[in-house]
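What follows is a short report on a single structure.
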Amino acid sequence: MKLLDKLLGRDVDEFAKELADMVAKRYPPALEKSPERRVSPNRITKVLEDALERAEEYQKSRRLGAYRKARLANSFRWQLKDLGYSTNFVELATEGLVVYVTRGSGKQATKRGA
């Protein structure tokens, strides 16, 4: 059953949920919508960087292909939307995730090709 889950990408979906929960724990959606409690951009950046670095480690340890990277990004996007984040925040976080999981991939490809 684990092989089937892996082939269908369920492990990637579970990790995307963990990432979204990690962000929500340190920067709840209610804070984003609260006009009286403004969160500093530095804190938001730190929260996202921590989550995205974890995603980068996950990608390196699992060697995700293009399909699974895209699935991770889409699952992460929908998890954040379901948690109640604004569209701007969701797009920013998802774009960051794509950058973090794809950087370095070109270096690995050129090493393999050489």
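If you check ARG71 against the conditions, is it surrounded by 15 or more Cβ atoms within 10 Å (Cβ to Cβ), touching a residue at least 12 places away in the same chain (Cβ under 8 Å), in contact with a Gly (Cβ under 8 Å, 6 or more places away or on another chain) and within 13 Å of THR94 (Cα to Cα)? Steps first, answer last, please.
Numbers: surrounded by 15 or more Cβ atoms within 10 Å (Cβ to Cβ): yes; touching a residue at least 12 places away in the same chain (Cβ under 8 Å): yes; in contact with a Gly (Cβ under 8 Å, 6 or more places away or on another chain): yes; within 13 Å of THR94 (Cα to Cα): yes.
Yes, satisfied.
Of everything in the range 41-98, what is closer than 20 Å to ALA30 by Cβ and of a type in the set (S, T, N, Q)? Give them in sequence order.
Answer for the range 41-98, where residues must be closer than 20 Å to ALA30 by Cβ and of a type in the set (S, T, N, Q): ASN42, THR45, GLN79, SER86, THR87, ASN88.
If we scan the range 82-99, do we find a residue that is closer than 15 Å to ASP13 by Cβ and among the small types (Gly, Ala, Ser)?
The answer is no; no qualifying residue exists.
Quick one: what pairs do we get from the range 11-29, first residue more than 17 Å from GLU53 (Cβ to Cβ), second surrounded by fewer than 18 Cβ atoms within 10 Å (Cβ to Cβ) and of a type in the set (Gly, Ala, Ser), C-beta under 8 Å, 6+ apart or different chains?
PRO29/GLY84
Only helices (runs of 4 or more DSSP H) wholly contained in the range 31-114 count here; list those with 2 or more residues that are of a type in the set (Asp, Glu), within 15 Å of ALA16 (Cα to Cα) and at pLDDT below 95.
Ranges flagged: 41-62.
What are the residues in the range 42-75 that are over 9 Å from LEU97 (Cα atoms), in contact with a Lys or Arg (Cβ under 9 Å, 6 or more places away or on another chain) and not charged (D, E, K, R), if any?
VAL47, GLN59, LEU64, SER75
Which count do you get for residues in the range 28-41 that are out of contact with any Leu (no Cβ under 7 Å at 6 or more places or on another chain), surrounded by 12 or more Cβ atoms within 10 Å (Cβ to Cβ) and over 24 Å from VAL101 (Cβ atoms)?
As a first pass, look at the range 28-41 and keep what is out of contact with any Leu (no Cβ under 7 Å at 6 or more places or on another chain): 28, 30-36, 38, 40-41.
Narrowing further to those that are surrounded by 12 or more Cβ atoms within 10 Å (Cβ to Cβ): 28, 31-32.
Now restrict to residues that are over 24 Å from VAL101 (Cβ atoms): 28, 31.
The total comes to 2.
The values are calculated or read from the model by the stated rules, or taken from the named source; none is laboratory data. Everything numeric in this text was worked out from a predicted model, so none of it was measured. Ideal geometry is used to build each Cβ from the backbone, glycine not excepted, and the neighbour counts take in all protein chains shown.
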